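Asker: Take this structure first; my questions come after.
The values are calculated or read from the model by the stated rules, or taken from the named source; none is laboratory data. Bear in mind the structure is a predicted one, so any value in this text is a computation, not a measurement. Heads up, the Cβs are rebuilt from the backbone with ideal geometry, glycines too, and the neighbour counts pull from every protein chain shown. Protein only, heavy atoms only, side chains kept; ligands, DNA and RNA dropped before computing areas. Shrake-Rupley method; radii C 1.70, N 1.55, O 1.52, S 1.80 Å.
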Amino acid sequence: MTVTRAPAEALSVLDRPNSYIGKTVPRPNLDRLLQGRGQYVSDLELPRMAHVVFLRSPHAHARIVAIDADAARRMSGVIAIVTGRELEAVITPWVGVLSHLKGLKSAPQHAIAVDRVCWQGEAVAAIVATSRAAAEDAMEHVSVGYEELEAVTDMRTALDPATPVIHASLGDNLAFERTLDAGDVDQALSESEVVEADFVFGRHTGVTLEPRAVVADWNAAEARLTIYQGTQAPHMVQNIAALHLGLREAQVRVICKDVGGSFGIKVHIYADEMATYALSKLLRRPVKFVADRVESFNTDIHARDHRCRGRIGVGPDGTITAFEIDDLTGIGPYSMYPRTSAIEANQVVNLVGGPYATANYRARARVVFQNKNVMCQYRAVGHPIACSVTEGLVDLAAAKIGMDPVEIRRRNLIADDAYPCASPSGMKFEQLSHHASLTKLLQMMDYDALRAEQMALRASNIHRGIGIASFIEVTNPSAAFYGVGGARISSQDGVAVRLDAQGSVICQTSITEQGQGSESLTAQIVGSVLGVSMERVRVILGDTDNTPYGGGTWASRGAGIGGEAALQAAKALRENVLKVAAAILQSTPAELDIVNDSIVNAADGAPRIELNELARTVYFRPDTLPPGIQPELMATRHFVPRQYPFAFTNGIQAAWLEVDTETGFVTLLKHWVVEDCGTIINPQLVDEQIRGGVVQGLGAALFEKCIYDERGQLTNANMADYLVPMSAEMPDIEIGHVVSPTQESELGAKGAGEAGTAGAAAAVANAVNDALRPFGAIITEIPLTPQVILTALGRI
Amino acid sequence: MKAAAFAYARATSVVNALELLAAHGDRAKVLSGGQSLMPAMNLRLLSPDILVDIGGLAELRGIAVSGRALVVGALTRHVDLLRSPEIALHAPLLRDAVAHVAHPAIRNRGTIGGSLAHADPASELPACVVALDATIVVRGPAGERRIAATEFFRGIYETALSSDELLVAVEMPVAGHDASFFFQEFARRHGDYAVVGLAARAVVAAGRFSDLRLGFFAVGDRPLLASAAGKLIDAPVTPALLAEATTALADELDPQEDQQASPAMRRHLAGVLLRRCVAALLARPELEAGATR
Ligand SMILES: Cc1cc2nc3c(=O)[nH]c(=O)nc-3n(C[C@H](O)[C@H](O)[C@H](O)COP(=O)(O)OP(=O)(O)OC[C@H]3O[C@@H](n4cnc5c(N)ncnc54)[C@H](O)[C@@H]3O)c2cc1C
């Protein structure tokens, strides 16, 4: 680990005896999950629970002429068959726009299509039955008459006058456009060598192990809806469900225990989930919806379908003089709710060129509607696009002037002592460490030796490549992300900590757990700050009735925001405990400390009184306390970043791979990441977050793509044809760290969840081009399939 | 993704299975390892009225050598092929091939009979039995039929089996001491169906092929025993001759377009495999370099 900032003069609250911070400790929830005691919504059974399946449109764009469900209604086990028209009476439609994304428009979306379907997979009717199998049987007997409409599928022609407009009320198919012009790009380019390329990104999706799952339970007696859902943002779901069902938020409780993977897929509000809430209210009984794998492919948000033209200017000495991009993306027929589908393109504009000290930057991004599944935020939103374009251009510029890819980066990355500073797109950087990261990376991978190996192997017709990609990552978002645009998505989080009657700690947090270790990091922080052992800390999350109000876990915010709230809450409780202890022991709080579940003398560590004894006194023998003392063995604190809109992190990745130039197959040999997420709470969790993220990026680079035909049919909506990355194809991924804690919080942690995904594909694409250099082939398209590579090599 | 309702019968003998098949005709489906059938039923691509489970029929198990023939029962699982010493000795091609079939969990259940009856053109084992000149042994109401592997595969998921017949075994000549084998496939991921693959058996004497059977798969609607091999038999293999054979191979292939590869790419990859195969079998690495520019 390289630390860029000298440790503070005084010991922080984290530097305590027996601190868990910076230690790999097993997650408290491991045994529970490994012993099959996870509480996944897909396993949940409630009395009188019905199952819903959705009859989905086979057409990308069609008018619904008639729905005949009479035969199906009579089938055994069928409880109800409900159309969009009927459900409209229970739940109102929504429009996925935010006011800070100027000009963003979308059309009202219904829980179930009314009159018209706009993508293949949109729900047309809900079949509710006593089991999923019975509902599927009945579904085969619902007949729907469609009148097919022309489908808009190619984003490149979506704005042509000849292309039909999907939502007439919007006037055209343009959902959002943003332009940016900083510095003097024309001047800069006119004085430089200019290289340009079209970068093409495959549409792909998150493929969570547990599909989206909801059980909605309307209790008419209490006039309350309980929603059990695998989500990343329970309070957001509460707000939206209440809003559209005409309820007060207090009438909706959202419970989210274990979630089988989410990656951003489960941070949105889906029409079928809304329909499930409404059906429960309509039918006055619990209703369960679990997407099957085909539905998941057709309705879980897709992402990354971008085509981006990029230009870079470079001087003879390797100085990068300007970046320019023109990005186009197709988002499906609606902007997703409530986070909108303009965020990815917006991020691309924000992030291109981000690691470099280049002042001239011009960008345009256009977001268009299509008759395909909806697109929205998925792990590392926009980052892989921005990183692939930036780093692809930087490598092209280096090749143009005959400079080594490392050298051009060394000359242009923002200097480590230049902070705080801002990018041409206005992103504010508190403290990044591009050069320290690059140095560390080169050392980890032994760059010079690899280059020598590459040269030697070329002589025997073995073509290996090295690809490098620097990146910045948006983490710990403040209200600037959603709140300012009018979305009721909280950017603050809260933690309540209390001592129980035996001196154990119960900790309620508003962040959620989808496998990344939120429970663990919360317990580690609380245990460390409080001076209690982790076994004594129980973390409760995922229940709007029983946790403080907060955002949840997404956008790499759990540790940085929820972690800081935990730290502050634990600090406050510690103070309260020490006050009581001082009263009991006739001492002062300053003379005491809590270590290993006991109050000790701060000076010599001598044990004074165990926490369980203190708790016993407080709860059962308050009569023995001095008068005037009212112990508060519970403390709550909230945190939100205010100074910086985002805590930017940075890092760099490298790929080493071999291309079989006869077959076009790529073998990944090794991958390295150096990442700077500030304070590291649990190194293993951070490293595995990065590895998992890298694997998703490698999937994008080589395998994953939702393949649509020209009629808007998704042709590979299954696990046989949609290729997720699998272990046998994955290289060893070595991870190193540079640590520049953020000063905005006492914890100093920034996010780490998306770093791996941000840069992996860029590193691989650069490595493939590096390998193919002797052949003069350049590819700026992912996934890099054998077909794409063979075509570029002119073999086929 | 739930299968439509179906009836289930566990056959007690081959005769009993044949009776059940005769009674239900094409409304019945034989259930072997279930690794292809069950996914198709869950996707409701197939909705048989009844499944005839042959999993308990000891008569269909086992690997045995009888004279010059190796007899492999239909219920032999992929994992058995991988581990059997008889297979390693007498039909090492099957062992090499089956390592590329799916993943351990699927190999623990999937059977050779199921794989051959299923007749996926991208499947490894059908191409192997073609290359090995095997005979498919079938039982039906009228008794036993023996069908040459080259005649057995009729199209995508189509075979010479009729709906009242059971595939009971595969017989192939045991590998002679002079036989050599080659297996390679290109798949996007380990365990995936191949984009193009080749299973070959050869006899090499004095640096020449005296026999060469090339079973290509994923290059058409069924495994293909390539006639291009004929060009390489009993002739000194030169780069020019190999190039000629590669051209002949491209001409006889009729590959399909799918999401993994265009026909042109399949032809190209089949040529690469041919060169790699010949180079390996003749132990002449220089022959492999063919297309490198
Ligand atoms: C994820 C996955 C990956 C796979 N990858 C590969 C791969 O790379 N290569 C490959 O070759 N296969 C692959 N398979 C398929 C696997 O090899 C199957 O096991 C095989 O295709 C079928 O064998 P089975 O015993 O499971 O047959 P079943 O699924 O039980 O039956 C398949 C068909 O054959 C019929 N049938 C079965 N036995 C008989 C018999 N004795 N007589 C008459 N008809 C019969 C059935 O009625 C059915 O129509 C994969 C499967 C999965 C799930």
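Asker: To the nearest 10 degrees, how steeply does helix B:239-252 sit against the main Cα axis of chain B, on a 0 to 90 scale?
Answerer: It is inclined by approximately 30 degrees.
Asker: While we're on this one: Which FRET efficiency, nearest 0.05, do A:Ile629 and A:Glu177 yield, Cβ-Cβ r, R0 51 Å? Kindly include the intermediate steps, with their values, before the conclusion.
Answerer: Details: r = 63 Å, r/R0 = 1.24.
So the FRET efficiency works out to roughly 0.20.
Asker: For chain A, what does the convex hull of the Cα positions come to per residue, in cubic angstrom? Intermediate values should be presented prior to the final figure.
Answerer: Details: hull volume 133.4 nm³, N = 796.
Spelled out: Cα convex hull of chain A, divided by residues, is 168 Å³.
Asker: Calculated FRET efficiency, A:Arg309 and A:Ser460, Cβ-Cβ r, R0 56 Å, to nearest 0.05? Write out the running numbers ahead of the final one.
Answerer: Numbers: r = 38 Å, r/R0 = 0.68.
Result of the calculation: an efficiency of 0.90.
Asker: Turning to a different aspect of this structure: For chain B, what is the accessible area per residue in Å² when the probe is 1.4 Å? Don't skip to the answer; put the middle values down first.
Answerer: Working: 12090 Å² over 293 residues.
Solvent-accessible surface per residue comes out at 41 Å².
Asker: Sorted by accessible area with a 1.4 angstrom probe, largest first, how do A:Val349, A:Val114 fall?
Answerer: Working: A:Val349 0, A:Val114 25 Å².
In descending accessible area the options line up as A:Val114, A:Val349.
Asker: Listed highest first by mean packing, meaning other Cβ atoms within 10 Å per residue, what order do A:94-105, A:620-631 come in?
Answerer: Packing order, densest peptide first, comes out as A:94-105, A:620-631.
Asker: If you don't mind, there's one more thing I want to ask. Using packing as a proxy for protection, rank A:611-617, A:35-41, A:528-534 so that the peptide with the highest average count of other Cβ atoms within 10 Å comes first. Please report the intermediate quantities before stating the final value.
Answerer: On the way: A:611-617: 19.3, A:35-41: 13.9, A:528-534: 23.7.
My ranking of the peptides, most packed first, is A:528-534, A:611-617, A:35-41.
Asker: Further, regarding this structure: May I ask you to give the percent of accessible area on the protein assembly as shown that is carbon plus sulfur, with a probe radius of 1.4 Å? Walk me through the intermediate numbers first.
Answerer: Working: 20000 of 39490 Å².
Whole-percent figure for carbon plus sulfur exposure: 51.
Asker: To continue, here is another question. Over chain A, calculate the relative contact order: mean separation of alpha carbon pairs under 8 Å at least 6 apart, over the residue count, as a percent. Walk me through the numbers on the way to the answer.
Answerer: Numbers: 2036 pairs, mean separation 131.3, N = 796.
Rounded, it is 16 percent for chain A.
Asker: Now for a different question. Which of rounded, prolate or oblate describes region A:22-168 when judged by the alpha-carbon gyration tensor and an a/c cut-off of 1.5?
Answerer: Details: a/c = 2.41, a/b = 1.21, b/c = 1.99.
Here region A:22-168 falls in the oblate category.
Asker: Could I ask something else about it? Which entries of A:Lys670/A:Lys705; A:Lys105/A:Lys281; A:Lys102/A:Lys257; A:Lys266/A:Lys440 have Cα-Cα distances beyond 25 Å here?
Answerer: A:Lys105/A:Lys281; A:Lys102/A:Lys257; A:Lys266/A:Lys440
Asker: Tell me the mean residue ellipticity at 222 nm calculated for chain B from its helices only (DSSP H runs of n ≥ 4, each -39500 (n - 2.57), averaged over every residue, nearest 500). Could the numbers behind the result be given before it?
Answerer: Details: 11 runs with 92 residues, N = 293.
Taking each H run of at least 4 residues, the total per residue is -8500 deg cm²/dmol.
Asker: To the nearest 100 Å², how much accessible surface do chains B and A hide from each other in total, with a 1.4 Å probe? Spell out each step's value before the answer.
Answerer: Working: alone 13480 and 28700 Å², together 39490 Å².
Counting protein atoms only, the buried area is about 2700 Å².
Asker: Once R0 is set to 45 Å, what does the formula 1/(1 + (r/R0)^6) return for the Cβ-Cβ distance between A:Ala606 and A:Ala359, expressed as a FRET efficiency to the nearest 0.05?
Answerer: Details: r = 60 Å, r/R0 = 1.34.
Efficiency, from the Cβ-Cβ distance: 0.15.
Asker: In straight Cα distance, which lysines are under 18 Å from A:Lys579, not counting same-chain residues fewer than 8 positions off?
Answerer: By straight Cα distance, A:Lys579 reaches A:Lys571.
Asker: Next up: Could you tell me the distance between the Cα centroids of region A:497-546 and region B:145-221, to the nearest Å?
Answerer: Here the answer is 60 Å between Cα centres.
Asker: Next question. Take peptide A:766-776, look around each residue's Cβ out to 10 angstrom, count Cβ atoms belonging to other protein chains, and average those counts.
Answerer: Numbers: counts 0, 0, 0, 0, 0, 0, 0, 0, 0, 2, 0.
If you average over the peptide's residues, the count of other-chain Cβ atoms is 0.
Asker: Run the simple label-point estimate for A:Arg63 and A:Asp417 please: 7 Å along Cα→C-beta, distance reported in nm.
Answerer: Using points 7 Å along Cα→Cβ, the separation is 7.1 nm.
Asker: Post the alpha-carbon centroid distance, region B:62-79 to region A:176-229, in whole angstrom.
Answerer: Each part's Cα centre sits 55 Å from the other's.
Asker: Below 8 Å, C-alpha to C-alpha, sequence gap of six or more: please give me the relative contact order for chain B in percent.
Answerer: Values: 632 pairs, mean separation 42.0, N = 293.
The normalised contact order for chain B reaches 14 percent.
Asker: Find how much the distance from A:Thr24 to A:Glu710 grows on full extension, using 0.36 nm per residue of separation minus their present alpha carbon separation; answer in nm with one decimal. Please list the in-between numbers first.
Answerer: Details: separation 686, 0.36 × 686 = 246.96 nm, distance 4.99 nm.
Extending this stretch completely gives an extra 242.0 nm.
Asker: For B:190-198, what's the mean count of beta carbons from other chains sitting within 10 Å of each residue's beta carbon? Can you show the working numbers first?
Answerer: Working: counts 4, 2, 4, 1, 0, 6, 1, 0, 0.
The shielding value for this peptide is 2.
Asker: Another question, if that's okay. If you count the DSSP beta bridges with both ends in chain A, what percent of them are antiparallel, to the nearest 5? Numbers along the way, then the final one.
Answerer: On the way: 105 of 136 bridges.
So the antiparallel bridges amount to about 75 percent of the total.
Asker: Sticking with this one: How long is the gain from B:Met38 to B:Arg83 if the chain were fully straight, where each residue apart is worth 0.36 nm and the alpha carbon distance is subtracted? Intermediate values should be presented prior to the final figure.
Answerer: On the way: separation 45, 0.36 × 45 = 16.20 nm, distance 2.54 nm.
Gain on extension, B:Met38 to B:Arg83, equals 13.7 nm.
Asker: Determine the calculated [θ] at 222 nm for chain A from helices alone, applying -39500 (n - 2.57) to every DSSP H run no shorter than 4 residues and normalising by the residue count; nearest 500 deg cm²/dmol.
Answerer: Theoretical 222 nm ellipticity from helices: -8000 deg cm²/dmol.
Asker: Restricting to Cα pairs below 8 Å that are 6+ residues apart, what does the relative contact order work out to for region B:7-53? Please round to a whole percent.
Answerer: Numbers: 45 pairs, mean separation 27.2, N = 47.
Relative contact order comes out at 58 percent.
Asker: Between the alpha-carbon centers of region A:340-414 and region A:113-150, tell me the distance in whole angstrom.
Answerer: 40
Asker: Which value in nm describes the separation of the simple spin-label points at A:Glu147 and B:Leu45, placed 7 Å from the Cα toward the beta carbon?
Answerer: It works out to 3.5 nm between the two label points.
Asker: At 7 Å along the Cα-to-beta-carbon direction for both A:Lys428 and B:Val15, put a label point, then send me their distance in nm to one decimal.
Answerer: Computed distance between label sites A:Lys428 and B:Val15 equals 8.8 nm.
Asker: Here is a further query. Shielding of B:257-265 by partners, i.e. mean partner chain Cβ atoms within 10 Å per residue?
Answerer: Numbers: counts 0, 3, 9, 5, 6, 4, 1, 5, 9.
Going residue by residue through B:257-265 and averaging, the value is 5.
Asker: Also, I was wondering about something else. Length gain on complete extension for the stretch A:Gln35 to A:Thr667, per 0.36 nm per residue less the alpha carbon to alpha carbon distance?
Answerer: Details: separation 632, 0.36 × 632 = 227.52 nm, distance 3.60 nm.
The A:Gln35-A:Thr667 span can extend by a further 223.9 nm.
Asker: Hey, in the GNM for chain B with a 10 angstrom Cα cutoff, which one of B:Leu232, B:Leu241, B:Leu20 fluctuates hardest?
Answerer: Looking only at B:Leu232, B:Leu241, B:Leu20, the biggest GNM fluctuation is shown by B:Leu241.
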